[in-house]
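Below is one structure, written out as structure tokens, with a few remarks after it.
The values are calculated or read from the model by the stated rules, or taken from the named source; none is laboratory data. Quick caveat: nothing in here was measured; it's all calculated off a predicted structure. Here the Cβ positions follow ideal geometry from the backbone for every residue, glycine too, while neighbour counts run over all protein chains shown.
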Amino acid sequence: MILHRAKPPKKEYLIKGLKARIETSLEKDLAQIACLALKPDLISRSRLRVEITHDNDRLTLNLKGGDISQLRAGMNSYLRLIGMIVRLYKGVIKKS
């Protein structure tokens, strides 16, 4: 008797091509610093694309993900990084 193993079903997502936008108001210098600090981290990942811009005191991130878990993970990562940059900046300013 020859048994054939069935192919596993393709991984399909109910929601595809999701987008998110994160906008935050920071001090003018801090928005520029955060933008420059995050630019090297924008290397294209598997299915997550990120664009970052700053205009005066506004920092904007546009994220496009292949599925909701990637988009959520990307948003959490960038929010943590922005929070870290703000804390470091304020710590340096206080010591100056």
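Considering segment 69-96, and only residues there that are of a type in the set (A, V, I, L, M), out of contact with any Lys or Arg (no Cβ under 9 Å at 6 or more places or on another chain) and over 15 Å from residue 34 (Cβ atoms), the residue that is modelled with the highest pLDDT turns out to be 75. Does segment 46-96 hold any residues that are of a type in the set (Val, Ile, Thr), surrounded by fewer than 16 Cβ atoms within 10 Å (Cβ to Cβ) and closer than 15 Å to residue 31 by Cβ, and which are they? Once the filter is applied, which keeps residues that are of a type in the set (Val, Ile, Thr), surrounded by fewer than 16 Cβ atoms within 10 Å (Cβ to Cβ) and closer than 15 Å to residue 31 by Cβ, segment 46-96 yields 53, 60, 93.
Could you identify the single residue in 38, 63 that is assigned to a helix (DSSP H, G or I), at negative phi, at pLDDT below 95 and not basic (Lys, Arg)? The match here is 38.
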